[in-house]
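Visitor: My questions all concern the structure below.
The values are calculated or read from the model by the stated rules, or taken from the named source; none is laboratory data. As the structure is a prediction and not an experimental result, all values here were calculated from the model. Here the Cβ positions follow ideal geometry from the backbone for every residue, glycine too, while neighbour counts run over all protein chains shown.
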Amino acid sequence: MDGWFFVALPDCEGAGRIARQLAPDAHLVSSYASGRPLLFARLPPGQRVTARRGTVRAAVIGMSSATEELLRGALGRTAGTDVLDGLSQALAGSFHLVAADGDRLRVQGSASGLRRVFHAVIDGVRVVCDRADVLAGLGGFPLDDTELAIRLLRVLPHPLAEEPMWRGMSAVPPGSALLVEDGGRKARTTVWWRRPEPELDRRAGADRLRAALEAAVDVRTRAGGTVHCDLSGGLDSTPLCRLASRGPAAVVATTMYNDDPGGREDLLWARRALPSMPDVRHDAGRLDDMPQFFEGMEGIGQRLDEPSQAYLTAPRIAYSVERAAAHGARMYLNGLGGDHLLHGLPVWDHALFRRRPLLALRRVRTTMMLDDRPVLPVLRELLDSESYGAWLRRTVSEARRVREVKSDLRMEWDQPVALPRWLSPDAEAALFTRLRERVANAEPLGPDRARHAELAMVRDGSRIVRGTQQFAATFGMPFEAPFFDDRVIEACFAVRHEERDSPMEFKPLIKAAMRGALPDEFLRRSTKMGGSVQAARGLRDHWPALLDLVEQSPLVSRGIIDFPALVAGESPQHMGARDAFLDATVNCAVFTRNHLAGDRRHDREEATHGPAAA
């Protein structure tokens, strides 16, 4: 079992058998009043708070503002597992909540999807876990080849990516809690999260965002010691670094640069911000000293609980985490999630057009000029009223094998579903059967396209960060992304879209939130550097190794992809920097290889049943 995890058990006789399986890898954290085991965990220091009062047991797992005194006080005010109703909305940070009273167990993660909950019946016992791979190992569940085929898609509109990768287990939707009752014989979910209405103007929204970020960062720095902060000089990591410098922890901030065109721009902007945080120790490093993009994929052996973009970045994360550890850091803070919350989407104007049509048209006109888009298609998108369910069923039915093209963000619900050209015929047939089942009754994540799209984007980003956290945990380093904390997300969602972002200004909400804390000269930044040049170099230099990795992976031996079709259709020359289909294929190849290495039981079963039967 790689990294950190927890397992919660119902109060029943059979729980002891599961407890004995867990004993070598995790510690007993809490027991029921009956004496039976409730909670096992393997966690980093300082990431669990427990309390008990009478028959009630409660635990907060992760980075949070909870204290034992606060939790015990909450148990005194609220009966049973209902204590989590208030705590869910009150605590800062990123965490799971677990509570039990008699034969009732409640477990919940985060609304963002960064902290998930899975459950399955193992030897007659309903077992709950925050990681699907740990649950699969306990229950001996087989990988689901059709889920693997789904993860090869370029985009995964809601709810295509929410199911676990193993057959025999279930996932709790983000924003919902799992209730296990009657000694584990009954299980159901209940929604606990309600998103705020977007009612605030920029000034009030900036105040709320600043307060939420301060609380999120304080949760990570209050224990002192040394924390590492990325300091890219951008408008995501730099505010976090500035806020961290206020706390009791020593801060080491790292800025990476190189000699590519624009490669020193981040260093320039970081240095403009540094005078506002004189106690921060600045570490400037060369990007050329890091592994290249796509380098070292064959050596990544860590197991994550789903295919993740984290695999593609794993060698670079390992380098960064080890560099931070060499400076004595106990935690790694990063600005991931800022782009998902602070940068607007064209689809926001589709919803704005229904409330304030003239303002929406002005914004759309500006965006059209900046993106050089023709008028008539944009007007058709503005006037379109197709429901989410109808759109999703249509895009699934129309999905075809296509070559990767540049992402064209429009005012549809999401980007259309498309298939990689190397998906095998059997896997394609199984995939369409599964997709039709999954989208039959799909509902949007919000009442309009804007609120659906912003939450879908957060959950998509959370999946990536969840993978990076699991990977960094294998090095013993918490890899924290405060922008994905529920309270921070709520602060951004509470701001009207037209106040949160503007076609004419780069991330105005965070600039307003940090005015007075960061230099005005820094807050004038209007650009963001990318890694396209480095990615193109890495793809060119490591293409043979990537092909070998995919060819030797279970994706080929299990008949999920047609490897000759991939070789015939892809090359660094025609792809340019990146291809989302190739990225997904490499991630799935590493995922399956790592989970099935040496496990012939799964290989025999899949050879018998095949992907179409999954």
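Visitor: Residues of the range 1-17 being touching a Pro at 6+ places or on another chain (Cβ under 8 Å) and crowded, with 17+ Cβ neighbours inside 10 Å, which ones?
Guide: Hits for the range 1-17 are Trp4, Leu9, Ala15.
Visitor: Just the residues that are among the acidic types (Asp, Glu) and at positive phi, please, taken from the range 105-138.
Guide: Asp123
Visitor: Take the residues in the range 67-81 that are loosely packed, with under 14 Cβ neighbours inside 10 Å and at pLDDT below 90, then tell me which one is nearest to Val191 (Cα to Cα).
Guide: It comes out as Ala79.
Visitor: Since Arg17 meets every condition but one in (1) assigned to a loop (DSSP other than H, G, I, E, B); (2) in contact (Cβ under 8 Å) with a residue 60 or more places away in the chain, which condition does it not meet?
Guide: (1)
Visitor: I need the full set of residues from the range 177-221 which are in a strand (DSSP E or B) and not charged (D, E, K, R), in order please.
Guide: Result: Ala177, Leu178, Leu179, Val180, Ala187, Thr189, Thr190, Val191, Leu200.
Visitor: Condition check: out of contact with any Leu (no Cβ under 7 Å at 6 or more places or on another chain), part of a loop (DSSP other than H, G, I, E, B) and in the same structural domain as Arg116 (by TED's automatic domain parsing). Does Pro174 satisfy that?
Guide: The answer is yes for Pro174.
Visitor: Still on this structure, please answer the following. Give Val7, Val98, Val49 a once-over and let me know the one that is free of Cβ contacts under 8 Å to residues at least 60 places away in the same chain and among the β-branched types (Val, Ile, Thr).
Guide: The unique qualifying residue is Val49.
Visitor: Could I ask something else about it? Spot the failing condition for Asp414; the list is (1) in contact with a strand residue (DSSP E or B) (Cβ under 8 Å, 6 or more places away or on another chain); (2) of a type in the set (D, E, K, R); (3) within 17 Å of Pro159 (Cβ to Cβ), and only one is missed.
Guide: Against the list (1) in contact with a strand residue (DSSP E or B) (Cβ under 8 Å, 6 or more places away or on another chain); (2) of a type in the set (D, E, K, R); (3) within 17 Å of Pro159 (Cβ to Cβ), Asp414 comes up short only on (1).
Visitor: Working carefully through the options Arg380, Arg410, Arg356, find the one that is over 27 Å from the mean Cα position of the chain (by Cα) and touching a residue at least 24 places away in the same chain (Cβ under 8 Å).
Guide: Arg356
Visitor: While we're on this one: What is the number of the single condition among (1) under 26 Å from Arg222 (Cα atoms); (2) more than 30 Å from the chain's Cα centre (by Cα) that Asp11 does not meet?
Guide: Single failed check for Asp11: (1).
So that you can scan it fast, the table gives a plain yes or no per residue for (1) surrounded by fewer than 19 Cβ atoms within 10 Å (Cβ to Cβ); (2) assigned to a loop (DSSP other than H, G, I, E, B); (3) out of contact with any helix residue (DSSP H, G or I) (no Cβ under 7 Å at 6 or more places or on another chain):
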{"position": "Gly389", "(1), (2), (3)": "yes, no, yes"}
{"position": "Arg393", "(1), (2), (3)": "yes, no, no"}
{"position": "Trp413", "(1), (2), (3)": "no, yes, no"}
{"position": "Leu435", "(1), (2), (3)": "no, no, no"}
{"position": "Arg438", "(1), (2), (3)": "yes, no, yes"}
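Visitor: Determine whether Phe483 is over 12 Å from the mean Cα position of the chain (by Cα) and either at pLDDT 95 or above or assigned by TED's automatic domain parsing to the domain that holds Gly299 (or both).
Guide: No, not satisfied.
Visitor: Please work out which residue is surrounded by the most Cβ atoms within 10 Å (Cβ to Cβ), limiting yourself to the range 486-506 and to residues that are in a loop (DSSP other than H, G, I, E, B) and modelled with pLDDT of 95 or more.
Guide: Ala494
Visitor: Return only the number of the condition from (1) surrounded by fewer than 22 Cβ atoms within 10 Å (Cβ to Cβ); (2) part of a helix (DSSP H, G or I); (3) aromatic (Phe, Trp, Tyr) that Phe475 does not satisfy.
Guide: (2)
Visitor: State all residues of the range 20-29 that are in contact (Cβ under 8 Å) with a residue 60 or more places away in the chain and either in contact with a strand residue (DSSP E or B) (Cβ under 6 Å, 6 or more places away or on another chain) or of a type in the set (A, V, I, L, M) (or both); if no residue qualifies, say none.
Guide: Correct list: Leu22 only.
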